[in-house]
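Quick notes on the structure that follows.
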Amino acid sequence: MTTLNKEQIQTLVGLIVTTQSDQITCDDCFGQIGEFAEHALEGRELSAGMKIIQQHLQQCPCCKGEYEALVDALKEVESQG
C-alpha cells in the first residue's frame, strides 16, 4: 500500500477542489497549446476556449512545462528574426 505525505495529500485535495466539469485532457490541451501561447505572447484577450486551456495549465505540471518550453522557444525565434 502506498502512503502519501501531508504535502501530497494537500496537493490532491487542491486539485479535487478546483476540478471543473468543463475540464479538458492533456491531449486536448496539447492540441491547442500553440494557439494559447500565441494569444499570451501577443497579449490578446482569451476566449472561453482559451480560458479552459489556461485553467488546465494551472493544474497540470506536465502541460505547464510544455507550454513554458514552447513560449521560451517562440520568444527565442522572435528575438532572432
* **Residue list for the stretch 47-65, filter: polar (S, T, N, Q) and out of contact with any Leu (no Cβ under 8 Å at 6 or more places or on another chain)** => S47, Q55, Q58
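Could you run through the stretch 24-56 and say how many residues are under 20 Å from G14 (Cβ atoms) and among the polar types (S, T, N, Q)?
Going through the stretch 24-56 one residue at a time, the tally reaches 3.
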* Quick one: which residue in K75, K64 is of a type in the set (K, R), surrounded by 14 or more Cβ atoms within 10 Å (Cβ to Cβ) and modelled with pLDDT of 90 or more? => K64
* Structure fact -> Across (1) surrounded by 14 or more Cβ atoms within 10 Å (Cβ to Cβ); (2) in contact with a His (Cβ under 8 Å, 6 or more places away or on another chain), I53 clears everything bar (2)
* Of the numbered conditions (1) surrounded by 13 or more Cβ atoms within 10 Å (Cβ to Cβ); (2) at pLDDT below 90; (3) more than 29 Å from Q8 (Cα to Cα), Q59 satisfies every one except a single condition; which is it? -> (3)
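The values are calculated or read from the model by the stated rules, or taken from the named source; none is laboratory data. Since the structure is predicted, the reported quantities are computational estimates derived from the model, not experimental observations. Don't worry about glycine lacking a Cβ; one is built from the backbone with ideal geometry, like all the others, and counts go over all protein chains shown.
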